[in-house]
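**Q** Pasting a structure here, questions to come.
Laboratory data are not the source of any read-out in this text; all were calculated from the coordinates shown. This structure is a prediction, so every number in the text was calculated from the model and none was measured. Cβ placement follows ideal geometry from the backbone for every residue including glycine, while neighbour counts extend to all protein chains displayed.
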Amino acid sequence: MFATSWPWVTLVLLGAWHGCNPGMGWLFAVALGLQKRSRNALFAALAPIAFGHALSIGMVVGAVYVAGAVMPLRWLQIGSGTALVIIGLWKLYRSRHPTWVGMCVNSWDLILWSWLMASAHGAGLMVLPVLLGSGSIVCGVSPAGSNPVLFIPPFAAIGAVAIHTIAHLATAALIAWPVYDFIGLAILRRSWVNLDLIWSFSLVAAGVFLFLRG
């Protein structure tokens, strides 16, 4: 049972982890809600933010399909693991967030901002251990000697992005709502965990996992 469900459980947990990270959008949504003094504005911002996040994840999945047509699975694992470790170490060395947008934004601005943030944080790369890990049911069944990446069922790939995004959106909403209504942003200055540090180590750990998974 666990062998067939672990990829989906991992995608949900990754989505929740991404949703917890203020750099993935919930903090921006809270700030917009406070600026407009509207809870509806907060929740309205979360949908395009989640869509931008999904675009970043979907682009990585699409890139894996394309690369899988010309590269063996083990090369993909090594290349993806290397990218994860490099980004994780880079973020440990330089933890600044890309900031280009002001507070007067529309839905398209939020989508673009979310896509940039997710891509800059390496969020899309974090799903690669699920897609490329040997034994993952996401890879489906492939003929002997062929690259299993090429035989990922399309509905499974789309479902992976959708499940991850839903978990991200639900978690972000569950954090943003009480922060907006009850807690306030002041608590973040007094007692917030350094999620950037944990995030960086998560990227490195995901890269190491891919190295060992072959």
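**Q** By how many nm would the segment from Leu197 to Ile158 grow when fully extended, if each residue of separation counts as 0.36 nm and the alpha-carbon distance is taken off?
**A** Length difference between fully extended and current span is 11.0 nm.
**Q** Sticking with this one: To the nearest 0.05, how large is the calculated FRET efficiency for Ala205 and Leu116 if R₀ is 35 Å and r is the Cβ-Cβ distance?
**A** Efficiency computed from Cβ-Cβ geometry: 0.90.
**Q** Ok, one more. Among 60-70, 25-35, how do they line up from the highest to the lowest mean number of other beta-carbon atoms within 10 Å?
**A** Packing proxy ranking, top to bottom: 25-35, 60-70.
**Q** I would also like to ask the following. What is the gain in length, in nm to one decimal, between Phe43 and Asp181 on full extension, counting 0.36 nm per residue of separation less the C-alpha to C-alpha distance?
**A** 48.4 nm
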